[in-house]
Amino acid sequence: MLKIILPDEYNFCFGVERALELAREHMNNGDSFDTLGEIIHNPHVVKEFEEKGIKVINSPEESTKRKILIRSHGVPPETIEKIKSLGKEIIDATCPFVKHAHDSARKLVEEGYFLLIIGKKYHPEVIGIQGHAHGKGCVVINGEEVEQLNLRGKKVGIVSQTTMLLWNVQDVITAVLKQNPKEVRYINTRCSTTERRQNATRELAKKVDVMIIVGGKHSSNTNRLYEIAKEHAPAAYLIESYEELKPEWFEKARIVGITGGASTPPQDVLKVKEIIEKI
Ligand code: SF4
C-alpha cells in the first residue's frame, strides 16, 4: 500500500495570499485593473483572473484600465513613476518581505557599501531590488561568480532575493571573505516562509522514495524546492498539474511526498494526491 505524506505547510505563502486577496477585493468592488506580469506563477490562477477581464500586461503603457496591480515580486521605482505619469492608480501587492529587501539594499548603497545581490540575474524581484538600490548592485548566484570581482579593501554589503537557498548565501559570503574586503555587512532578506517550506521539503524528501513538487515551472521558489527534493529524495519530479503524473514513477515506490510552491493553490496539491492514490 502506497503511503503519501504532505508537509504541514503546502498552501499559498503569506505574500501570494495577500496579493490574491487584494486583487479579489478590488474585483469585488467593481474596479477595472490589469496586473503587471502574472499575479502569481500559476497558469490556473492566471486563467481564472483573465476570465474575469483582468489582463496580464508586460508594461504600464499596455494597460487600458484605470488601475494597475503590482504583484508580490515588486517593481523598481521607475515603474511606479511611469504608472503615475500615465495617470493610473496603483494597487500595490508587493510582499512586505520584498519591501524589506528593497529598503535593505537602498540603505547599504546609501551607506557607501558595494552592494552584492544574491539572486538570479533578470528575475523581476532582483530587478526591483536593484532599482530601489539606485540602480547599483552586482547580482551573483554563487561563490564562483564572486571570484570574478575585485572586492579587496572594499566595504561589501550583501542582500539576497527572498527565495534564495541558505547554501547560496553561505557560498557567496565565504567567497567574499576570501577576498579580504575592508568590511562585510549581510542583511538577511530571505523570506521566513520560504525558509520553513524549504526545510520541510528537505525533511520530507529524506523520508520518501518519490517526491512530487507541484507548481509553476517559471516560479523561482518552486524551482528551489525541486532542487532540494532532487538532492535528498531518490526521485523527484516538478509538475504544474496532475495531468503530468506518470504511473511508472510510482512502480517501486512505497512512500511518496508531495508539496507545492508558494504560489501553488492547495487544491492543486490535493488533486495530485487524489490521482496518485488512484494510481
Ligand atoms: S515567497 Fe516569501 S517573499 Fe515571496 S511572496 Fe511569498 S511570503 Fe513574500
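In region 137-148, the residues that are closer than 10 Å to V176 by Cα reach residues that are part of a strand (DSSP E or B) with C-beta atoms within less than 7 angstrom, at least six apart or across chains, in these pairs: V146/V140.
Scanning region 197-225 for residues that are more than 15 Å from the ligand (Cβ to nearest atom), β-branched (V, I, T) and either within 12 Å of the chain's Cα centre (by Cα) or in a loop (DSSP other than H, G, I, E, B) (or both) gives a single hit, V208. When each of L177, L238, L149 is tested for being of a type in the set (A, V, I, L, M, F, W, C) and open to solvent by 80 Å² or more (accessible area, probe 1.4 Å), the lone residue that passes is L177.
Considering only residues in region 98-133 that are more than 14 Å from the ligand (Cβ to nearest atom), within 20 Å of N221 (Cβ to Cβ) and touching a residue at least 40 places away in the same chain (Cβ under 8 Å), the one that is farthest from the chain's Cα centre (by Cα) turns out to be A105.
When I118, I91, I129, I80 are checked against the criterion of being open to solvent by less than 10 Å² (accessible area, probe 1.4 Å), β-branched (V, I, T) and outside the structural domain of S160 (by TED's automatic domain parsing), a single residue qualifies: I91.
Criterion first (within 16 Å of the ligand (Cβ to nearest atom), over 14 Å from the mean Cα position of the chain (by Cα) and more than 20 Å from Q170 (Cα to Cα)) does I228 satisfy it? In short, no.
Scan region 241-279 residue by residue and report those that are open to solvent by less than 40 Å² (accessible area, probe 1.4 Å) and among the hydrophobic types (A, V, I, L, M, F, W, C). Spell out the reasoning first.
Residues of region 241-279 that are open to solvent by less than 40 Å² (accessible area, probe 1.4 Å), as a first pass: 241, 245, 250, 253, 255-266, 268-269, 272, 275-276.
Listed by number, the residues that qualify are L245, F250, A253, I255, V256, I258, A262, V269, V272, I275, I276.
Here's the yes/no breakdown for (1) in the same structural domain as S160 (by TED's automatic domain parsing); (2) of a type in the set (G, A, S); (3) at positive phi:
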{"position": "P181", "(1), (2), (3)": "yes, no, no"}
{"position": "A200", "(1), (2), (3)": "no, yes, no"}
{"position": "H218", "(1), (2), (3)": "no, no, no"}
{"position": "Y226", "(1), (2), (3)": "no, no, no"}
{"position": "E231", "(1), (2), (3)": "no, no, no"}
{"position": "L245", "(1), (2), (3)": "no, no, no"}
{"position": "E248", "(1), (2), (3)": "no, no, no"}
{"position": "R254", "(1), (2), (3)": "no, no, no"}
{"position": "A262", "(1), (2), (3)": "no, yes, no"}
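For region 62-97, filtered to residues that are of a type in the set (S, T, N, Q) and under 14 Å from the mean Cα position of the chain (by Cα), the residue that is farthest from the ligand (Cβ to nearest atom) is T94. Among the residues of region 184-196, are any of a type outside the set (S, T, N, Q), open to solvent by 40 Å² or more (accessible area, probe 1.4 Å) and in a helix (DSSP H, G or I)? Yes, the conditions are met somewhere in region 184-196.
With a requirement of 3 or more residues that are among the β-branched types (V, I, T), the helices (runs of 4 or more DSSP H) lying completely within region 1-106 that satisfy it span 77-85. Residues of region 221-230 that are under 20 Å from S72 (Cα atoms) and either without any contact (Cβ under 8 Å) to a residue 12 or more places away in the chain or open to solvent by less than 10 Å² (accessible area, probe 1.4 Å) (or both): T222, L225.
Among the residues of region 233-268, the ones that are under 29 Å from C95 (Cβ atoms) and either more than 16 Å from the ligand (Cβ to nearest atom) or part of a strand (DSSP E or B) (or both) come to 15 in all. When L6, L22 are checked against the criterion of being within 14 Å of the ligand (Cβ to nearest atom), over 15 Å from the mean Cα position of the chain (by Cα) and hydrophobic (A, V, I, L, M, F, W, C), a single residue qualifies: L22.
The values are calculated or read from the model by the stated rules, or taken from the named source; none is laboratory data. Small disclaimer: the values here were computed from a predicted structure and weren't measured. Positions of Cβ are backbone-derived with ideal geometry, glycine not excepted, and every protein chain shown enters the neighbour counts. Surface accessibility is based on the protein's heavy atoms, side chains included, excluding ligands, DNA and RNA. Shrake-Rupley method; radii C 1.70, N 1.55, O 1.52, S 1.80 Å.
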